[in-house]
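Read-outs: derived from the displayed coordinates by stated rules, not from any lab. All values reported here derive from a predicted model rather than from experimental measurement. Reconstructed Cβ throughout: ideal geometry from the backbone, glycine too, with neighbour counts over all protein chains shown.
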Amino acid sequence: MLAAPLFLSSVEDLQAHVSEHFEKLPPGEKGTRFAEFAARLIPMVQDLSEFGPIALSPKQSHDKGVDGSSSVLEDGRRLHMQSKLSLPGKEDFDSIISKFEAYEQAAAVGPNQKGLFDPGEPPIATFVIVTAQKMAGILSRYRESGMSSRPFYEQLTKERRLHIVDGNGVFAALQAAYGRTFGIPNKLELISETGWIHLGTVRLGFLKASDLLELHRSHGDALFFENIRDWLGPKSGKVSPDQLTVNQEIAETIIKEPGRFLERNNGVTFKAARVTADTGNRLVLTEASIVNGCQTTMSLVTSDAAIEDCVVQVKVVESFDAWDVAKAANYQNPVAKINLDLARYIRPQLVREAAAEAGIEIEGASAANAVSLLNSLYDERVNYEEIRYLYIGLLSSSPNNIVDQLYTKLRADLLSGFAENQANRKLMMEAMFRITVATRAAIKECQALLGTEEYIGPFMRVLETEKPRYRMFLAILTLSALLRTDISARQNEPAEMIRMKAFVEGA
């Protein structure tokens with residue numbers, strides 16, 4: 001796992017990071033982009049998570065004092081959000097409070113909204129201000145002022161209907177989200193109702209599905225940081241309209257026959273650096289994660305059905321080598337051998353982590369985690385498959401391996417040379433991101449130049465976004481020509497590592 005990015009070193013570093021990516025945006029887009037960021041942040045703030053997702057206003061100009069609102073809770077409360085990238089002084093703060101007051105007055109005389117609370121009563125408005133600015137000094141000066149909206153501010157404060165997530169709050173929430181996405185859990189506790197079978201470094205037991213869900217609630221996607229694959233979704237791998245995918249089959253069992261989940265599912269495998277038997281049937285796992293069973297776990301997490309009757313088979317392996325355990329545990333699944341062997345060096349989790357540090361959006365990040373939050377700040381984007389193909393092409397005996405996909409054609413010395421040294425790993429990741437971004441820009445220029453279907457037809461294999469292997473192959477050929485280096489003319493180690501490092505630096 002890479003070290004935490006520099007922009008999470010302090011509030012000031014985070015502010016500089018945000019400003020760097022916002023300075024090139026048109027003025028009108030900055031507010032919209034920060035509103036998207038704030039809306040994704042709210043569910044990650046502990047005091048506000050109960051309100052759930054924030055739906056942004058469809059209007060581009062947020063001139064009525066509210067950028068977005070939550071759904072109405074059962075007790076009648078509803079959260080309204082205003083976001084401001086910067087809030088320089090108490091006058092700006094008073095302006096927001098004034099708009100909140102006008103918004104509440106308009107809602108009180110507007111059409112009544114019915115819900116699960118008393119029919120005819122309007123929702124109870126709770127307000128939140130999200131800003132990258134530190135607010136302690138501004139709030140102190142505002143409380144001492146006699147500004148026009150201060151009485152309403154005092155009313156909201158007294159009724160606990162005003163929340164302020166300033167630079168410190170944004171920083172704390174993002175740090176926590178980052179840890180729940182990339183920080184391998186230091187300690188996990190597992191309880192097997194029937195006890196544990198123990199032989200050598202392996203323990204076998206049975207875990208309540210509700211306990212597995214609680215682990216995910218506590219640790220988030222970090223639980224799968226060492227897993228070979230990401231959550232593929234319920235429909236991934238569908239081969240025909242009338243055939244269920246593996247994950248859909250799991251969901252079917254959860255919904256219709258939860259009592260048979262144990263007999264139909266292979267369960268999950270945990271790897272832990274140290275395993276300690278606690279009192280009763282409890283195990284304490286140190287530096288632990290799920291190395292096989294992401295699909296099972298997430299099928300339970302995303303299920304709308306009750307899971308009280310579901311029991312999951314659990315294997316716990318005590319080992320410092322996650323990849324030896326993960327690779328062996330995944331041989332039973334339809335995972336390409338090259339992906340199993342490559343996972344130590346490159347996998348979706350590692351690419352997302354490096355992209356977050358480099359300020360690049362990874363397409364397809366769906367979970368409420370640090371990646372989806374940071375993606376709302378970034379303008380440049382790539383996807384995992386592009387990076388994976390590029391990695392294979394650069395570190396194989398020939399770039400043709402992008403098509404062949406053979407692990408035997410990968411150069412072991414280059415894999416270890418760029419993965420086991422942190423500086424080299426960072427260099428390679430950043431280079432691949434920049435190559436991919438530049439390639440996308442070049443494709444847009446080609447499309448504009450070629451124009452008509454008649455001329456662009458022969459190039460569709462390269463331009464299709466769903467099949468990136470050809471354009472990444474072309475990107476490597478272009479780089480080789482530009483840098484006057486034939487990377488397929490491989491040399492012996494360590495000369496080849498020196499040559500390829502220079503090539504990557506040149507890229």
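Sorting the Cα pairs of the range 383-506 by distance into bins of 5 Å, from 0 upward, gives 2, 11, 21, 23, 20, 12, 6, 4, 2, 0 percent per bin. Distance between the modelled labels on Asp379 and Cys446, one decimal in nanometres: 2.4 nm (7 Å Cα→Cβ projection).
Distance between the 7 Å Cα→Cβ label points at Ala108 and Gln46: 3.4 nm. Which of the aspartates and glutamates could be linked to Lys84 by a straight reach, that is with a Cα gap under 17 Å, when you skip same-chain ones fewer than 8 residues away? Counting by Cα, and skipping residues close in sequence, Lys84 has these aspartates and glutamates nearby: Glu12, Glu20, Glu23, Glu29, Glu36, Asp63, Asp67, Asp92, Asp94, Asp166.
Placing unit charges on the Cβ atoms only, positive for Lys and Arg and negative for Asp and Glu, gives the range 6-179 a dipole magnitude near 140 debye about its Cα centre. Here Gln405 and Ser488 are evaluated by their C-beta separation; at R0 = 25 Å the FRET efficiency comes out at 0.90. May I ask for the net charge around His219, where only other residues with Cβ less than 15 Å from the Cβ of His219 are counted and Lys, Arg are +1 while Asp, Glu are -1? Once positives and negatives cancel, what remains is -2. Of the GluC sites (Glu not before Pro) found in the range 1-88, those in coil by DSSP whose Cβ has at most 13 other Cβ atoms within 10 Å are Glu23, Glu74. Apply the a/c threshold of 1.5 to the C-alpha gyration tensor of the range 6-179 and tell me whether it is rounded, prolate or oblate. Prolate is the answer for the range 6-179, as a/c is 1.5 or above and a/b outweighs b/c. Ignoring aspartates and glutamates fewer than eight residues from Lys467 along the same chain, the ones with Cα atoms less than 15 angstrom from its Cα are Glu363, Glu385, Glu386, Asp404. Per residue, the chain reaches -13500 deg cm²/dmol at 222 nm when only DSSP H runs of four or more residues are counted, each adding -39500 (n - 2.57).
The magnitude of the dipole of the chain, with charges of +1 and -1 set on the Cβ of Lys/Arg and Asp/Glu and taken from the Cα centre, is near 700 debye.
Is the shape of the range 1-82 best called rounded, prolate or oblate, per the rule: a/c under 1.5 gives rounded, else a/b larger than b/c gives prolate, else oblate, with a ≥ b ≥ c the square roots of the Cα gyration tensor eigenvalues? Judged from the Cα gyration tensor, the range 1-82 comes out oblate (a/c at least 1.5, b/c at or above a/b). The aspartates and glutamates whose alpha-carbon is closer than 15 Å to the alpha-carbon of Lys501, local same-chain residues fewer than 8 away aside, are Asp413, Glu420, Glu430, Asp486, Glu493.
I need the Kirkwood Rh of the chain: take the reciprocal of the average 1/r across all distinct C-alpha pairs and report it in angstrom.
For the chain, the Kirkwood estimate is 25.9 Å.
Applying both filters, DSSP loop and at most 16 other Cβ atoms within 10 Å, to the GluC sites (Glu not before Pro) of the range 113-212 gives Glu144, Glu159, Glu193. Under the criterion of Cα pairs below 8 Å and six or more residues apart, the relative contact order for the range 383-506 equals 35 percent. Out of all DSSP beta bridges with both ends in the range 6-179, state the antiparallel percent to the nearest 5. Counting only bridges with both partners in the range 6-179, antiparallel ones make up about 25 percent. Which of the pairs Lys30/Lys158; Lys315/Lys426; Lys187/Lys315; Lys134/Lys187; Lys90/Lys158; Lys208/Lys271 have their Cα atoms more than 24 Å apart in this structure? Over 24 Å Cα-Cα: Lys30/Lys158; Lys315/Lys426; Lys134/Lys187. Taking the square roots of 5 times each eigenvalue of the Cα gyration tensor of the range 361-455, largest first, gives ellipsoid semi-axes of 26, 22, 12 Å.
A cut-off under 14 angstrom between Cβ atoms defines the neighbours of Arg274, and their net charge, with Lys, Arg +1 and Asp, Glu -1, is -2.
Where both residues lie in the chain, what percent of DSSP beta bridges are antiparallel, nearest 5? The antiparallel proportion sits near 60 percent. Computed over neighbours whose Cβ is under 12 Å from that of Val202, the net charge equals +2, Lys and Arg +1, Asp and Glu -1.
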